[in-house]
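Taking it in order: structure first as structure tokens, then the write-up.
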Amino acid sequence: MPRPDVLKAAWLTAPATRAVIGALEVARPGGSRFVGGCVRNTLRGQPADDVDIATQLTPPEVIGALEAAGIRALATGLEHGTITAILDSRPFEITTLRRDVETDGRRAVVAFTEDWTEDAARRDFRLNAIYAAANGELHEVIPESIDDAVAGRVIFIGDGDQRLREDYLRILRFYRFNAWYGAGIDPDGQAACARQRGGLAKIAAERIWKELKRTLAAPDPSSAIAAMEEAGVLEAALPGAGASLLPGLVMAEASAGLEADPMRRLMALLPRRRTETGAAAARLRVSNEEGSRLANWSDPALPHVLGAGDDAISEAFYRFGPPAVLDRAAIEAASGAPGDLASLANRAAAWVRPKFPLGGHDALAAGLTGPQLGARLAALEEDWIASGFTLNRSALLARLKSPG
């Protein structure tokens, strides 16, 4: 395809975008440009979720320009030069051009600049360092960056080791961008990530999980995760994880019509043992809901379900819940186990939990008290489950009132 010179996109001509960039242009004509994901994704023909702007204006000048135009301005990252404009309920991050003064692998001390080359040089990958003027004209400050974006090449700007030492989270970003855009892992970038992987120990667990989850959400992250494993990055981020089941899970999801599920894909990286899933949940500091899902999937009492009979599936749904059963089945399918995952997924979506017909008041009316009350109801519930949930209230009451 021909190399583009001008960006064309609906977000670029949207009234809110024009108002924000117009306010900045009034303050300093030609001093503000769109940058980052909105430019990269548009070049790739993909949706732009966020609109970010780089500017030669200082933060106070940005605030003044926005307020003069009647646009709300929030100092969301003032120490790094970022002001967020809010218009029509949409945020626009506006950041003053900057250069790094000091970095420690986690955060940077920056100084503001008016030099576009200095600003571009501190960014991570070439495809993220493309600027577009207010009229959409592209500015390629870093050579080959436009070609990289179009082709999906993820290549560090300058020396990869230096970029990573500035911010070790870029190791995971390298694999995330490869999962979503990659035209093949850049060997120099891969080698740099392998050399610098120890730096991930400096990164907060929540940030590691956020990046890993975004990687696993890609349509097919198998190659990127395999490269992570090969470089020792997967082990550094999540000890004990392995990538071998992930390709099978991606195929199983696609065959069954299931959406990409980062949590289920995380399961494919882990042994199905409570100790390992618990350790992973603690290390990544996943949410309580995510931790419960890992625990439910790895419950040793949850049997094999893919290819099981209808009654066994219904019982598993009742005891463990459809999500845990579907997770179990999908990971089994990833291992090559036979069975109809799509059919099970449909059943899980439609399943309504049946209600046990008896309650404590029935046991009390039958003269049961103390521990025998709970034990008798539990035994009858097991009978009800074994019947395929067909024993009705009358039959269960008769058993409740009978001796033993």
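Can you name the condition, by its number, that PHE34 falls short on among (1) at pLDDT 95 or above; (2) under 24 Å from ARG176 (Cα atoms); (3) in a loop (DSSP other than H, G, I, E, B)?
(3)
Which one of GLY77, GLY70, GLY64, GLY31 is farther than 19 Å from ALA133 by Cα and touching a Ser or Thr at 6+ places or on another chain (Cβ under 9 Å)?
GLY77
I'd like the residue in the range 163-202 that is aliphatic (A, V, I, L, M) and over 14 Å from MET228 (Cα atoms) and, out of all such residues, is modelled with the lowest pLDDT.
In this case the residue turns out to be ALA183.
Scanning for something of a type outside the set (Val, Ile, Thr), touching a helix residue (DSSP H, G or I) at 6+ places or on another chain (Cβ under 7 Å), part of a loop (DSSP other than H, G, I, E, B) and surrounded by 15 or more Cβ atoms within 10 Å (Cβ to Cβ), does the range 200-213 turn up at least one residue?
no
List the number of the failed condition for LEU341; all other conditions in (1) among the aliphatic types (A, V, I, L, M); (2) within 43 Å of the chain's Cα centre (by Cα); (3) over 18 Å from ASP311 (Cα atoms) hold.
For LEU341, the exception is condition (3).
I need the full set of residues from the range 189-199 which are hydrophobic (A, V, I, L, M, F, W, C), more than 21 Å from the chain's Cα centre (by Cα) and crowded, with 21+ Cβ neighbours inside 10 Å, in order please.
The answer is ALA192, and nothing else.
Yes/no matrix, rows are residues, columns are (1) of a type in the set (Gly, Ala, Ser); (2) within 30 Å of LEU246 (Cβ to Cβ):
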| position | (1), (2) |
| --- | --- |
| LEU302 | no, yes |
| ASN346 | no, yes |
| GLY360 | yes, no |
| ALA363 | yes, no |
| LEU368 | no, no |
| GLU381 | no, no |
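Look through GLU144, GLU140 and report the one residue that is in the same structural domain as GLU118 (by TED's automatic domain parsing), of a type outside the set (Ser, Thr, Tyr) and surrounded by fewer than 16 Cβ atoms within 10 Å (Cβ to Cβ).
Only one candidate passes the filter, namely GLU144.
Pick out the one residue from ASP119, ASP186, ASP161 that is assigned by TED's automatic domain parsing to the domain that holds THR17 and either touching a helix residue (DSSP H, G or I) at 6+ places or on another chain (Cβ under 6 Å) or of a type in the set (D, E, K, R) (or both).
Going through ASP119, ASP186, ASP161 in turn, the sole match is ASP119.
Out of all the residues in the range 229-255, which are assigned to a helix (DSSP H, G or I) and under 14 Å from ILE185 (Cβ atoms)?
GLU229, GLU230, ALA231, VAL233, LEU234
Hey, among LEU57, LEU12, LEU24, which residue is buried (at least 19 other Cβ atoms within 10 Å of the Cβ), part of a loop (DSSP other than H, G, I, E, B) and either among the charged types (D, E, K, R) or touching a Gly at 6+ places or on another chain (Cβ under 9 Å) (or both)?
Answer to the check: LEU57.
The values are calculated or read from the model by the stated rules, or taken from the named source; none is laboratory data. Because the structure is a prediction, the values reported are computed rather than measured. Every residue, glycine as well, gets a Cβ built from its backbone with ideal geometry; the counts of neighbours run over all protein chains shown.
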